[in-house]
Amino acid sequence: MLSVFNGDSSYIDWASKSNPNLSIVEGISCKNLDSLLAESDGIILTGGEDINPAFYNKEEYLSVCGRINHQRDSVEKIIFNYALNNNIPLLGICRGLQMTNVLLGGTLTPDIPSFIDTVIKHRDGGITNHLVFIEQASDLIFPLTTDTFLVNSNHHQCIDSLAGGLQVIARSFDNVPEAVVYDTMLHPYIAAVQFHPERMDEAISKTIRNGFLQAITNSQK
């Protein structure tokens, strides 16, 4: 299941590359979400609008937030909690990383240019690019032979306080978290990245996708 794709086929095309027989459904437009969740083998929380800062008790951040989709916030909370409580593999992308952190009890920096002194452009009128470095090896996302790689970037918010159970495994060189994984003693597969692997051709994109699909296969055994 995809939380939202808003007519953007890149998520579907990317997820299907290793398995064209996947059945992919958008959660937010489903009229019977409970039934859909009961049939879901894996969930992707996709990119998009800012998360309502009331979700992490920082209502004063509203002034620096962009558009907020209240329906989406509510639906993704239901989807995430179902995945968490039922050991469903979950991958977060961009906003999906931020939502994962928030729903596990963490907070966000609401606007990187306003709150962080950095020369790295995480958003520049659209997608930009920067390097990230591997802080901690993890087979869930980065079983690679390199310790740095180039990613795309299109966000103005990021993780501030990290939720319990999450571990940052990659950062940009201004210390912004770029990838997190959840304790596998608590859940078999929750992983999230701040960049957009569905828009990348590099090996890391395939590694993330295949790791997520393998987690789905493992959960079905």
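The values are calculated or read from the model by the stated rules, or taken from the named source; none is laboratory data. Since the structure is predicted, the reported quantities are computational estimates derived from the model, not experimental observations. Methodologically, a virtual Cβ is constructed for each residue, glycine included, from the backbone with ideal geometry; neighbour enumeration extends over all protein chains shown. We work out accessible area using only protein heavy atoms, side chains counted, and drop any ligands, DNA or RNA first. Shrake-Rupley method; radii C 1.70, N 1.55, O 1.52, S 1.80 Å.
Data overview
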{"quantity": "Test: residue in region 51-62 that is farther than 17 Å from Asp160 by Cβ, surrounded by 22 or more Cβ atoms within 10 Å (Cβ to Cβ) and in contact with an Asp or Glu (Cβ under 7 Å, 6 or more places away or on another chain)", "calculated": "no"}
{"quantity": "Members of region 166-216 found to be under 12 Å from the mean Cα position of the chain (by Cα) and among the polar types (S, T, N, Q), listed by number", "calculated": "Gln194"}
{"quantity": "Test result for Phe142, in a loop (DSSP other than H, G, I, E, B), farther than 14 Å from Gln157 by Cα and among the aromatic types (Phe, Trp, Tyr)", "calculated": "yes"}
{"quantity": "Selected residue (only one of Phe142, Phe149, Phe173 is modelled with pLDDT under 95, over 29 Å from Ser219 (Cα atoms) and of a type in the set (Phe, Trp, Tyr))", "calculated": "Phe149"}
{"quantity": "Cross-chain or 6+ apart pairs with Cβ under 9 Å, region 173-187 first and open to solvent by 30 Å² or more (accessible area, probe 1.4 Å), then among the hydroxyl-bearing types (Ser, Thr, Tyr) and not in a loop (DSSP other than H, G, I, E, B)", "calculated": "Phe173/Thr148"}
{"quantity": "From the options Gly48, Gly27, Gly42, residue that is crowded, with 19+ Cβ neighbours inside 10 Å and at positive phi", "calculated": "Gly48"}
{"quantity": "Residue within region 88-95 that is over 21 Å from Phe133 (Cα atoms), open to solvent by 20 Å² or more (accessible area, probe 1.4 Å) and either under 14 Å from the mean Cα position of the chain (by Cα) or polar (S, T, N, Q) (or both) present", "calculated": "no"}
{"quantity": "Residue match in region 127-139 (condition: surrounded by fewer than 16 Cβ atoms within 10 Å (Cβ to Cβ) and more than 27 Å from Lys206 (Cβ to Cβ))", "calculated": "no"}
